[in-house]
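Participant: Dropping a structure here in structure tokens format, bear with me for questions.
The values are calculated or read from the model by the stated rules, or taken from the named source; none is laboratory data. Please read these numbers as outputs of a predicted model, since none were measured by experiment. A quick note on method: Cβ atoms are made from the backbone with ideal geometry, for glycine too, and the neighbour counts reach across all protein chains shown.
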Amino acid sequence: VTQSADQLVAHLRGAPLPAELGELPVQRARRRWRRSPRAVPSAAARPEPATSVDIAPDDPLLAWLAHRPGPVDLDDVRIDTLAVRTLRERGVQLLVPLVTAGELVGVVTLGPPAHDERWSHDARAVLQELASRAAPAVQVGRLVERETAAARDRERVDHELEVARLVQQQLLPTELPTLDGWHVSAFYRPARRVGGDFYEFLPLPDGRVVVVVGDVTDKGVPAALVMASTHALLRAHADRLDCPAALLATVNDALCSDIPEHMFVTCLAMVLDPASGEVVLANAGHNLPLVRRADGVEQVRATGLPLGLMPGARYDRCSTVLEPGDAVLLYSDGITEAHDAARRMFGVPRLERLVGERPSGGDLVERCLVALDAFTGGTAEQEDDITLVTLVRGGSRRSRTAEGGPSAPERAAAGGGGSDPDDGAGGGDGDDELLERFSAPSVRGTERSVADRAVSAAAVCGLDDAAAERLRTAVAETVMNAIEHGNGERPEVAVDVAVWRTSGGVRVEVTDQALTGRSVDPDAPAPDLDLKLAGLQTPRGWGLFLVRSMVDAVDERSGPAGHTVRLHLRREPR
Amino acid sequence: VTPAPGIEVAEQDGVLVVSVAGDLDGDAREPLLQAYEHSSEGSSAREVLLDLARCAYISSAGIALVVSLLMRCRAEGRALSARGLSAHYRQIFDVTRLSEHLRVLPAGPDQEET
């Protein structure tokens, strides 16, 4: 017997059985959850009728009845339960279990027969036959009820989601700002009904405009709720709007106390002066903006921890100027991490090429969407929320680049590592492409996810599985060193990671802030297992050795951006 | 932060089997060595088998941990074997020369590698 709450109690009135086999007045099984009044009209002259009785799902009587093959005299029931006592009080004489597929779905209760003391053998046989036919029908009826209720629930959830979608839509800008000499466009499409991406334009009194783009981890309702809080916090701190770095720091502190564990928000805040083209921005772990210049496309390098991870995080102020003809694209990873049918990623380089193209007409956002649809096949379910915001400065350009030409890949910034011509294993022809750049807090344990992300970004470089595994170990160990030795396990200090596609394979750069001064000694003796086993060396000290064993080359450099370890891995010829 | 892995030490047919489910890294050090000490005390087993079939990740600290376990086994006169290594971690056991000092068994418990 299942212990379901809707255990049924069917009942028969203690009606006479004309000629023993006449019309047996079987009432349809009464659904317990309706609890209708027990106003069953009874024929005055009969013995006291057995009205329907609610039996609690956990009453032992039900388990007892489930194993009885046919009608049971209440007098023969040898257990004493609340239900048994109630049935006796109501004058019930006979119980007919309704059992189908081994499950008790109801019990028919009968008083004494009209013209006899006891139910006859024949009447019991008829009742048993009826019960065996009624039980499956009761079961089907119950399933239909359940299905109907489930459909009602789905409809209600659907309705609530629709309301949530409308509420969320209200949070997004209803119109785009009109900026003299600028073309502004935006696109937002959640993967599900509601999403975790957001963008916002907020005017400042002096004519400048604040542009914010954000992306909450996860998608669907949880992401939408965090998105709404983040959005509210951004608006609540409008007094900080003109300084993106302060804005992000304030919102981060407020968000840290409220955000569920394992969730965070990447967010890029930017202030644009439409008159001068000056852009000031700060970045909390969001995708780097792509800027199309006269001579190519570059990423504005601004990094910082995502919001909600670490109270007290600080954000750098970055600035640049968009000249006439320049354009900037802010985007969420829903586009760059979209996959095609062969599970290849759309990727930053593809997006860079799109930004760099200069067709005579058409909006950059539209071109991105067309390219994305063509890439994914247009039919696949969208994997993640997608947000695109573009600001294009009109006017004549001092262009040296032919219309429609591909963009130049980003050149490495000084100090932060990057390609250079004498780059041993990294290709070194200066045409390295930045695949991904991101930051992680200096917390032990994050090296795993950092390594996974770097390896997944490097997937486009054509490494085989074994090489990918070697890269994963090398990056994890290098990041672990950066966390422990470079940044002294200070969570608020970021480890910066950049993944480059080189002509021969891949290069991963891991930068720490060299805070502790106790970096790994590159000239330390190689670990020797015999010495270790003899107790002449510590069992530890394998990190750098492993890194060097896993990749083709390792080099290090220090600069204003910190201490960078570069891992080079060649692609095996196929 | 990676949770401490599920580490079990049990004696089967005269072999102390150390099973690691999860990551073999710095966080596994204390739990593994303690569990080993607890089970090996008073045991007459002459062999120890490190079962890494359910271990997804081994860091350099995990390698150091294997070295420590190997040292302990040697001090107790027990032979150490490892099984369940993926090709990648088999390579790491080779470059660290751990595979010269302990027997690396393929997934099947009966097919010993030379």
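Participant: Can you name the helices (runs of 4 or more DSSP H) wholly within the stretch B:18-114 that have at least 3 residues being within 12 Å of chain A (Cβ to nearest Cβ) and not hydroxyl-bearing (Ser, Thr, Tyr)?
Facilitator: Counting at least 3 such residues, we get B:60-75, B:87-95, B:98-101.
Participant: Identify all residues within the stretch A:276-304 that are over 12 Å from A:Ala245 (Cα atoms), among the hydrophobic types (A, V, I, L, M, F, W, C) and assigned to a loop (DSSP other than H, G, I, E, B); write none if there are none. I'd like the intermediate steps shown before the answer.
Facilitator: In the first step, residues of the stretch A:276-304 are kept if they are over 12 Å from A:Ala245 (Cα atoms); the result is A:276-279, A:285-301.
Those still in the list that are among the hydrophobic types (A, V, I, L, M, F, W, C) too: A:279, A:288, A:290-291, A:294, A:297, A:300.
A:Leu288, A:Ala294, A:Val300 - these are the residues of the stretch A:276-304 that are over 12 Å from A:Ala245 (Cα atoms), among the hydrophobic types (A, V, I, L, M, F, W, C) and assigned to a loop (DSSP other than H, G, I, E, B).
Participant: Checking A:Gly91 against (1) touching a His at 6+ places or on another chain (Cβ under 6 Å); (2) surrounded by fewer than 20 Cβ atoms within 10 Å (Cβ to Cβ), which single condition isn't satisfied?
Facilitator: Of the numbered conditions (1) touching a His at 6+ places or on another chain (Cβ under 6 Å); (2) surrounded by fewer than 20 Cβ atoms within 10 Å (Cβ to Cβ), the odd one out for A:Gly91 is (1).
Participant: As an exercise: evaluate A:Leu127 against (1) surrounded by fewer than 20 Cβ atoms within 10 Å (Cβ to Cβ); (2) part of a helix (DSSP H, G or I) and give the number of the one condition it does not meet.
Facilitator: (1)
Participant: Go through the stretch A:437-462 and give me each residue that's within 14 Å of chain B (Cβ to nearest Cβ) and in contact with a Lys or Arg (Cβ under 6 Å, 6 or more places away or on another chain).
Facilitator: Passing the criteria: A:Ser442, A:Ala451, A:Val455.
Matching residues to (1) in contact with a Phe, Trp or Tyr (Cβ under 8 Å, 6 or more places away or on another chain); (2) at pLDDT 50 or above:
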residue	(1), (2)
A:Arg367	no, yes
A:Leu372	yes, yes
A:Phe375	yes, yes
A:Gly378	no, yes
A:Asp384	no, yes
A:Leu391	yes, yes
A:Arg397	no, no
A:Ala402	no, no
A:Ser407	no, no
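Participant: From the residues in the stretch A:479-496 that are away from chain B (no Cβ under 14 Å) and in a loop (DSSP other than H, G, I, E, B), which one is surrounded by the most Cβ atoms within 10 Å (Cβ to Cβ)?
Facilitator: Checked the stretch A:479-496; the qualifying residue surrounded by the most Cβ atoms within 10 Å (Cβ to Cβ) is A:Asn487.
Participant: Is one or more of the residues making up the stretch A:518-528 surrounded by 17 or more Cβ atoms within 10 Å (Cβ to Cβ), within 14 Å of chain B (Cβ to nearest Cβ) and assigned to a helix (DSSP H, G or I)?
Facilitator: No, the stretch A:518-528 contains no residue that is surrounded by 17 or more Cβ atoms within 10 Å (Cβ to Cβ), within 14 Å of chain B (Cβ to nearest Cβ) and assigned to a helix (DSSP H, G or I).
Participant: Considering each of B:Ala28, B:Ala53, B:Ala45 in turn, give the residue that is surrounded by fewer than 16 Cβ atoms within 10 Å (Cβ to Cβ) and of a type in the set (A, V, I, L, M, F, W, C).
Facilitator: Only one candidate passes the filter, namely B:Ala53.
Participant: Does A:Val499 meet the test of being more than 14 Å from chain B (Cβ to nearest Cβ), in a strand (DSSP E or B), at pLDDT 85 or above and closer than 22 Å to B:Asp25 by Cα?
Facilitator: Judged against the criteria, A:Val499 is not a match.
Participant: Against the conditions (1) within 20 Å of A:Leu288 (Cα to Cα); (2) assigned to a helix (DSSP H, G or I), where does A:Asp215 fall short? Just the number, please.
Facilitator: That leaves (2) as the condition not met.
Table: residues versus (1) exposed (fewer than 14 other Cβ atoms within 10 Å of the Cβ); (2) in contact with a helix residue (DSSP H, G or I) (Cβ under 9 Å, 6 or more places away or on another chain); (3) under 28 Å from A:Ile335 (Cα atoms).
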site	(1), (2), (3)
A:Ala137	no, no, no
A:Val140	yes, no, no
A:Glu147	yes, no, no
A:Ala150	yes, no, no
A:Asp153	yes, no, no
A:Glu162	yes, no, yes
A:Phe187	no, yes, yes
A:Arg193	no, yes, yes
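Participant: Let me ask something additional. Residues that are charged (D, E, K, R) and either assigned to a helix (DSSP H, G or I) or without any contact (Cβ under 8 Å) to a residue 12 or more places away in the chain (or both): does the stretch A:241-256 have at least one? Before the answer, list the steps.
Facilitator: Of the stretch A:241-256, the ones charged (D, E, K, R) are A:242, A:253.
Restricting the remaining residues to those that are either assigned to a helix (DSSP H, G or I) or without any contact (Cβ under 8 Å) to a residue 12 or more places away in the chain (or both) gives A:253.
Yes.
Participant: Could I ask something else about it? Could you list all residues from the stretch B:79-88 that are in contact (Cβ under 8 Å) with a residue 24 or more places away in the chain and touching a helix residue (DSSP H, G or I) at 6+ places or on another chain (Cβ under 8 Å)?
Facilitator: Those that are in contact (Cβ under 8 Å) with a residue 24 or more places away in the chain and touching a helix residue (DSSP H, G or I) at 6+ places or on another chain (Cβ under 8 Å): B:Ala79, B:Leu80, B:Ala82, B:Leu85.
Participant: For the stretch A:469-478, name all the residues that are of a type outside the set (Ser, Thr, Tyr) and either within 11 Å of chain B (Cβ to nearest Cβ) or touching a Cys at 6+ places or on another chain (Cβ under 6 Å) (or both).
Facilitator: Within the stretch A:469-478, the subset of a type outside the set (Ser, Thr, Tyr) is A:469-472, A:474-477.
Residues satisfying the conditions are A:Glu469, A:Arg470, A:Leu471, A:Arg472, A:Ala474, A:Ala476, A:Glu477.
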